[in-house]
1. Within region 30-43, is there a residue that is under 23 Å from residue 139 (Cα atoms), modelled with pLDDT of 95 or more and more than 13 Å from the ligand (Cβ to nearest atom)?
2. If you check residue 130 against the conditions, is it within 12 Å of the ligand (Cβ to nearest atom), in a helix (DSSP H, G or I) and crowded, with 17+ Cβ neighbours inside 10 Å?
3. For residue 147, state whether it is part of a helix (DSSP H, G or I), buried (at least 21 other Cβ atoms within 10 Å of the Cβ), within 16 Å of the ligand (Cβ to nearest atom) and touching a residue at least 24 places away in the same chain (Cβ under 8 Å).
4. Considering only residues of region 85-104 that are out of contact with any strand residue (DSSP E or B) (no Cβ under 9 Å at 6 or more places or on another chain) and in a loop (DSSP other than H, G, I, E, B), which is farthest from residue 56 (Cα to Cα)?
5. Name every residue in region 191-201 that is surrounded by fewer than 18 Cβ atoms within 10 Å (Cβ to Cβ) and either assigned to a helix (DSSP H, G or I) or within 12 Å of the ligand (Cβ to nearest atom) (or both), in order of residue number.
6. Can you tell me which residue in region 160-183 is surrounded by the fewest Cβ atoms within 10 Å (Cβ to Cβ), limited to those that are in a loop (DSSP other than H, G, I, E, B), at negative phi and touching a residue at least 24 places away in the same chain (Cβ under 8 Å)?
7. Return yes or no: is residue 109 more than 15 Å from the ligand (Cβ to nearest atom), modelled with pLDDT of 95 or more and surrounded by 21 or more Cβ atoms within 10 Å (Cβ to Cβ)?
8. Looking at 81, 8, 64, which one is farther than 24 Å from residue 170 by Cβ and away from the ligand (no atom under 16 Å from the Cβ)?
Ligand code: AMP
């Protein structure tokens with residue numbers, strides 16, 4: 001794997017690839033790689049001849065009191081894992097300037113109304129930060145394909161909406177959620193939790209799964225949601241939202257909605273906020 005730490009190094013590596021007219025797939029990450037991230041690389045390899053992964057903890061998507069400083073940075077381990085997966089290029093910028101050359105000149109991408117709902121309600125500005133960095137990475141790298149996880153459902157939809165107008169030639173692929181044996185969605189933030197807390201956190205998935213089953217059985221939607229929230233509270237998880245939406249994240253407040261839909265939930269457990277969803 002070619003490891004590039006600056007824009008210059010990245011440009012050289014990309015030029016060498018484009019000479020051979022390769023199809024390039026991008027997998028953006030913030031590092032601390034786990035099986036969820038690695039599954040994205042494996043999927044990317046099915047859609048392109050070369051893969052490029054980025055590891056960048058993007059300051060723009062963290063709020064003032066969030067975990068930007070303590071976010072796990074495990075570069076050595078990450079590089080080993082990417083080598084093992086035979087990723088072709090890694091862009092691991094030495095500093096923020098290698099991504100946003102001129103911090104004053106950043107082209108902010110606004111995430112609109114959807115960006116202020118669900119996770120956006122709890123994390124104002126978060127999705128603007130995500131879209132701004134993804135747009136930048138798309139501009140710098142210009143991939144043919146980009147892979148994002150369904151774990152961050154709202155993020156994936158917002159990126160898709162952004163790409164329709166700004167990057168219509170990039171094919172976006174949504175990768176399924178990779179879970180631990182107890183159902184919990186793998187996440188770098190799970191590292192903040194102790195073993196007993198991880199067991200508690202698995203109740204978020206249980207409540208999502210149970211809610212989907214109840215909806216299929218036509219249990220009243222309001223009842224499903226209030227029971228799910230009560231269940232989470234009884235398991236010492238603090239729910240922020242628990243909602244049913246369609247696959248484009250339009251609100252659903254009826255039973256027997258025929259199309260593809262998704263229950264999405266977010267909880268806090270001992271200051272760590274987790275998200276998960278189940279599509280059905
Ligand atoms: P992150 O490093 O958290 O920014 O995630 C980088 C990419 O990995 C995003 O597209 C995430 O949606 C995806 N991802 C994270 N966790 C999982 C998981 N458990 N299963 C599938 N994809 C994931």
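1. Within region 30-43, the first condition is being under 23 Å from residue 139 (Cα atoms), and the residues that meet it are 30-31, 37, 40-41, 43.
Next, only the ones that are modelled with pLDDT of 95 or more stay: 30-31, 37, 40-41, 43.
Adding the requirement that they be more than 13 Å from the ligand (Cβ to nearest atom) leaves none.
No, the conditions are met nowhere in region 30-43.
2. Details: within 12 Å of the ligand (Cβ to nearest atom): yes; in a helix (DSSP H, G or I): yes; crowded, with 17+ Cβ neighbours inside 10 Å: yes.
So residue 130 passes the test.
3. On the way: part of a helix (DSSP H, G or I): no; buried (at least 21 other Cβ atoms within 10 Å of the Cβ): yes; within 16 Å of the ligand (Cβ to nearest atom): yes; touching a residue at least 24 places away in the same chain (Cβ under 8 Å): yes.
No; evaluated as a whole, the condition is false for this residue.
4. Let us first name the residues in region 85-104 that are out of contact with any strand residue (DSSP E or B) (no Cβ under 9 Å at 6 or more places or on another chain), namely 94-97, 100-104.
Retained after the next criterion (residues that are in a loop (DSSP other than H, G, I, E, B)): 94-95, 100-102.
Numbers: 94: 9, 95: 9, 100: 11, 101: 14, 102: 17 Å.
Only one residue fits best here, namely 102.
5. 191, 195, 196, 197, 198, 199
6. Initially, region 160-183 is screened for residues in a loop (DSSP other than H, G, I, E, B), giving 167-170, 176-178, 180-183.
Going one step further and asking which of them are at negative phi, we end up with 167-170, 176-178, 180-182.
From the residues that got through so far, the ones that are touching a residue at least 24 places away in the same chain (Cβ under 8 Å) too are 167, 169-170, 176-178.
Details: 167: 18, 169: 9, 170: 17, 176: 12, 177: 19, 178: 18.
Within region 160-183, the match that is surrounded by the fewest Cβ atoms within 10 Å (Cβ to Cβ) is 169.
7. On the way: more than 15 Å from the ligand (Cβ to nearest atom): yes; modelled with pLDDT of 95 or more: yes; surrounded by 21 or more Cβ atoms within 10 Å (Cβ to Cβ): yes.
Spelling it out, residue 109 is indeed more than 15 Å from the ligand (Cβ to nearest atom), modelled with pLDDT of 95 or more and surrounded by 21 or more Cβ atoms within 10 Å (Cβ to Cβ).
8. 64
The values are calculated or read from the model by the stated rules, or taken from the named source; none is laboratory data. Worth saying up front: this structure is predicted, and the values here are computed from it rather than measured. Cβ coordinates were reconstructed from backbone atoms using ideal geometry, including for glycine residues, and neighbour counts include every protein chain displayed.
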